[in-house]
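One structure is given below, encoded as structure tokens.
The values are calculated or read from the model by the stated rules, or taken from the named source; none is laboratory data. Since the structure is predicted, the reported quantities are computational estimates derived from the model, not experimental observations. Note that each Cβ is placed from the backbone with ideal geometry, even for glycine, and that neighbours are counted across all protein chains shown.
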Amino acid sequence: MTFTDRDRAVQAAVAEGLLGPDEPVAGLLDIVGIRRSARELRAVFEEFAAPDTPVLHAFAVKAASLVPVLRLLAQEGLGCEVASPGELALARAAGVPATATVLDSPAKTPAELREALALGIAVNADNRAELERIDALMASAPSSAPIGLRVNPQVGGGTIGAMSTATDTSKFGIALRDEGAHDWVVRSCLDRPWLTRLHAHVGSQGMPLELMAEGVRSLFDLAEEINDKAGRRQIDTLDIGGGLPVNFASDDMRPTYREYAELLRSTVPGLFSGRYGLVTEFGRSLLAKHGTVLARVEYAKTAGGRPIAITHAGAQVATRTVFVPDAWPIRVAAYDGAGLPKPGAPVAQDIAGPCCFAGDLVAENRSLPRLESGDHAALLDTGAYYFSTHFAYNSLPRPGIYGYAADPGGVRFATIRTPQTLEELTAESGGAHTNALHDLG
């Protein structure tokens, strides 16, 4: 049997006690793989873009809201795309400079806008009212921070409606095809010399690459029109968003950044010409393939003749998979009690989580070597969104997350996030205010 780096990491994690009876679930991140993906992204855009084209790859913090991961990506030359005060705080804690940070949120408060402009963080205004707020802030305290306007090209959605950001009724950005909207965007830019960027985020899981490229083409054409009417290069940067889909069906990493860049070059011939600086906001595609959620099987049982493995990884870590399994199916691998790939004939079985509702299943009727108590179930391709976006159902504590590097000398681990203690969970749930309601009657 050929062992992959993931197999070696699972075995080492069990041997070193990173999970066991007392810590029955853990997240593992392949640090070498993450570095490789970051370098591939940068290399592709450096190859396709004209020399000296400013390019910022701003990692979507929501995909992995973990300070050490943001720091690792910063070391690889990536910045951060943030969508909340919390995400901004994480980026700053990771040492990501303001010049490599982009603020995108549909609900920015005046305080958030004021802080971002004061720090010099790039801001993409989402709507007309927000642009008016920025007008007032710029009048009272002019800022040199890059400011852009988010538009919705309304090119359509993908196979997952809840993830589609470019539908006719999407909540994001200025809907370009709505009556009068296109002309309003052009005039708004011409009236504001400091409005120098345009932003569109069309990509998402389940979105065809062709529609993503069509959205970028609309953005490019809009910038060309504004600059032509301004008689100068007012729009100098295009933020083309991220959302490159991930293949969750196998270990193959597809589509690749190269495939997407080649499509962009053919669909939007001027994009890489150097006329515009570029910003990307990839998240899932950088990390998904490099993460594994590893969970101990607590019990094995049957119901209606079907085997069920009761594990400690369910909706609290695989929220989307549990609630929308058809849109977010993931692969599961079986390991024995020592963390070795489990042999045996495949048996159709359910892989269940610990949450107290019947639908807490990460895989249903899945063919795997039969899992028994003490074995381990590995949820694959979970490096993005899964163990960093915890769902606190049943007050289940957040699991520990560990980065690993596998080399001929063995597997080395580093703690990314320590397991949450019950004391920390209690404090988070108001433990310091136990009697707060007593005096209210």
Could you go through region 29-43 and let me know if any residue there is buried (at least 21 other Cβ atoms within 10 Å of the Cβ), within 14 Å of the chain's Cα centre (by Cα) and among the acidic types (Asp, Glu). no
Condition (residue is more than 27 Å from residue 70 (Cβ to Cβ), part of a loop (DSSP other than H, G, I, E, B), in the same structural domain as residue 403 (by TED's automatic domain parsing) and at pLDDT 95 or above) applied to region 320-337: is it met by at least one residue? yes
Pick from region 391-441, criterion among the acidic types (Asp, Glu) and either in contact with a Ser or Thr (Cβ under 6 Å, 6 or more places away or on another chain) or not assigned by TED's automatic domain parsing to the domain that holds residue 319 (or both), ranking: surrounded by the fewest Cβ atoms within 10 Å (Cβ to Cβ): 439
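Against the definition (polar (S, T, N, Q), surrounded by fewer than 19 Cβ atoms within 10 Å (Cβ to Cβ), at pLDDT 95 or above and part of a loop (DSSP other than H, G, I, E, B)), how does residue 2 come out, yes or no? So that I can check it myself, show each step before the final result.
On the way: polar (S, T, N, Q): yes; surrounded by fewer than 19 Cβ atoms within 10 Å (Cβ to Cβ): yes; at pLDDT 95 or above: no; part of a loop (DSSP other than H, G, I, E, B): yes.
For residue 2, the condition - polar (S, T, N, Q), surrounded by fewer than 19 Cβ atoms within 10 Å (Cβ to Cβ), at pLDDT 95 or above and part of a loop (DSSP other than H, G, I, E, B) - is not met.
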Can you pull out every residue in region 410-441 that is small (Gly, Ala, Ser), within 27 Å of residue 296 (Cβ to Cβ) and not in a strand (DSSP E or B)? 427, 429
Consider only pairs whose beta carbons are under 8 Å apart and that are at least six residues apart or on different chains; among these, list those whose first residue lies in region 36-49 and is of a type in the set (A, V, I, L, M) and whose second residue is assigned to a helix (DSSP H, G or I) and surrounded by fewer than 17 Cβ atoms within 10 Å (Cβ to Cβ). 44/258
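For (1) in the same structural domain as residue 60 (by TED's automatic domain parsing); (2) part of a loop (DSSP other than H, G, I, E, B), each residue gets a yes or a no:
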residue: 266; (1), (2): yes, no
residue: 269; (1), (2): yes, yes
residue: 275; (1), (2): yes, yes
residue: 282; (1), (2): yes, yes
residue: 295; (1), (2): no, no
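Within region 48-61, is even one residue charged (D, E, K, R), under 23 Å from residue 418 (Cα atoms) and surrounded by fewer than 18 Cβ atoms within 10 Å (Cβ to Cβ)?
So in region 48-61, the residues charged (D, E, K, R) come out as 52.
Pick out the ones that are also under 23 Å from residue 418 (Cα atoms) and you get none.
Checked region 48-61: no residue is charged (D, E, K, R), under 23 Å from residue 418 (Cα atoms) and surrounded by fewer than 18 Cβ atoms within 10 Å (Cβ to Cβ).
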Consider only pairs whose beta carbons are under 6 Å apart and that are at least six residues apart or on different chains; among these, list those whose first residue lies in region 296-307 and is farther than 26 Å from residue 18 by Cα and whose second residue is surrounded by 12 or more Cβ atoms within 10 Å (Cβ to Cβ) and among the polar types (S, T, N, Q). 307/349
